[in-house]
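First up is the structure itself, then whatever we jot down about it.
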Amino acid sequence: LGVAMTRNRMQNVLLLLNATIPHEMRHISSDGQTCSIALCKSIISMILASSSDSAGILLNLVHQGTNTFWNSISTSTRFELSLLQIQGKFPFFLEIEVRQWALVLLQKATGLLRNSTPELDLPITWLQKLCLACLCNSECDFTTLGLDISIEGKNSKSMFSQLETEEVVTRKILASGQYDIDFDLLIPSLILLEKRNVDWNNDIMISTKSLLNMSCYLAGRPTSDETGFTFDSASVMKQCALMGNIGAAAYLIGGNDGIILKCANIITYGDASRIQEAEEYLVGRRDDVYFTKKIVNRKSSADDFLLTEGHCEILRYLDKCVFNARKYGEFLSVSTRGNIDPAFASRVCLRAWLSLCRSEKAPHSASGQWLENWLEENMQKDGKVLARAALTHCLLWTEIRNINNEKTVLAESLGLSSRFLVMIAKKASHG
């Protein structure tokens, strides 16, 4: 192999190896004996390490008639060889034939391919390594970043901070790649791991859910100057639906529709059968919808109010879509993956908050006071003029054309004080 690389004779040498040790290269029996998988992996690893184009030449080798290398090895051997890592990359997944094989397996496992058994029992280790392969092949820098995102304590502020930090770190990792990430392989793998409640990597403190959601958010957007994969958004969206992962689908959709679906997923606690009801409630078409799992919090003061993960998700959406609004053009913008109307997002998120906190008669006063304190604290910061305008619009104006039975404005339903409402109205009017 060293001579082949020096003299540019890789194809000739591989043909020679294919003729002399075909069974050892493929881990198949010869004269009743089968070489160890370790020997096979060692041979193939040396071939892959010898040259950047050796993987393509290897896959074109023919054995016993017309069978190419990949078609001549068993499924178990394919699983083993596909995970070979050479100089930080997984070269087989960069080859069209192997990538297509992996795609078909994932499509069968998620039920996308008809006449196939849903949730094909793909090895967990293989799925985890496939996720790592997608990031390594893109040359994502997930080793030098500060990945210690754990925060001591379980209070509401620490929970919110941890979710926010995890999202920021995850986005940095995915955006650090030198080449496009193969999201067609990465997202279905993460969906399957999330379905099984398995971490995608035991050494990196980023949850499977966070990596999945951010991958869906970035999929189809340019992540590097080097393009290599055309993202099949339609197929991946179907896989999200088939596996019941509404949150991932919401990140794929993006825009106003995406924020509705994200909040609907929160207030239904992942119950796909009630998503349509939740969407109608969130946009204000109906107000007679109650979801069975209620948040019970009988503390008497705002300081004692404890947020759930659902509350924190809603606050994060408010922070990103409302308090980070910078341009007037974002209001009444056309709903696309990158555009969210701050006023629309305010109403959807706050109605989602109301759904989590209210009883069948009235919202709990502690939740309203906690929300008021959080909103006031964030509106005091510089550069929040547009956020104040969006919140004033959704809290004080009743959308008569969409709401038939609502007798009070949203601010009253949430339990916000008159003092707070007067304050935001003045600040909005004075800019």
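Pairs with C-alpha atoms separated by more than 30 Å, drawn from the list K89/K172; K108/K262; K89/K320; K172/K427; K262/K384; K262/K381, are K89/K320; K172/K427. At an R0 of 41 angstrom, the distance between the Cβ atoms of Q100 and V289 translates into a FRET efficiency of 0.40.
A simple rule links phi to the HN-Hα coupling: the Karplus curve 6.51 cos²θ - 1.76 cosθ + 1.60 with θ = phi - 60°, which for region 413-419 gives 4, 7, x, 7, 6, 5, 4 Hz, with x for Gly and Pro. Ordered by solvent-accessible area of protein heavy atoms (1.4 Å probe), largest first, the residues H23, H311 come out as H23, H311. Computed from label points 7 Å out along Cα-Cβ, the spacing between K195 and T230 is 2.7 nm. Note down the magnitude of the dipole of region 6-122 about its Cα centre, charges +1 on Lys and Arg C-beta and -1 on Asp and Glu C-beta and zero elsewhere, to the nearest 20 debye. Value, rounded to 20: 240 debye. Amide H to amide H, which residues 5 or more places from K89 or on other chains are under 5 Å from it, using H placed in the peptide plane? For K89, whose amide H was placed from the backbone, there are no distant partners under 5 Å. K426 sits among other residues whose Cβ lies under 15 Å from its own Cβ, and their net charge, with Lys and Arg +1 and Asp and Glu -1, is +3.
The amide H of N339, built 1.01 Å from its N in the peptide plane, has G255 as neighbours under 5 Å, considering only residues 5 or more places off or on other chains. Ranked by the mean number of other Cβ atoms within 10 Å of their residues, highest first, the peptides 258-270, 413-425 fall in the order 258-270, 413-425. Approximating the spin labels as points 7 Å out from Cα along Cα→Cβ, the A38-to-R326 distance works out to 5.6 nm.
Note on S30 and L113: with the Förster distance fixed at 30 Å, the Cβ-Cβ geometry gives a FRET efficiency of about 0.30.
The values are calculated or read from the model by the stated rules, or taken from the named source; none is laboratory data. Treat the numbers as computed from the prediction; the structure is a model and nothing was measured. Cβ coordinates were reconstructed from backbone atoms using ideal geometry, including for glycine residues, and neighbour counts include every protein chain displayed. These area figures cover heavy atoms from the full protein model, side chains too; ligands, DNA and RNA do not enter into them. Shrake-Rupley method; radii C 1.70, N 1.55, O 1.52, S 1.80 Å.
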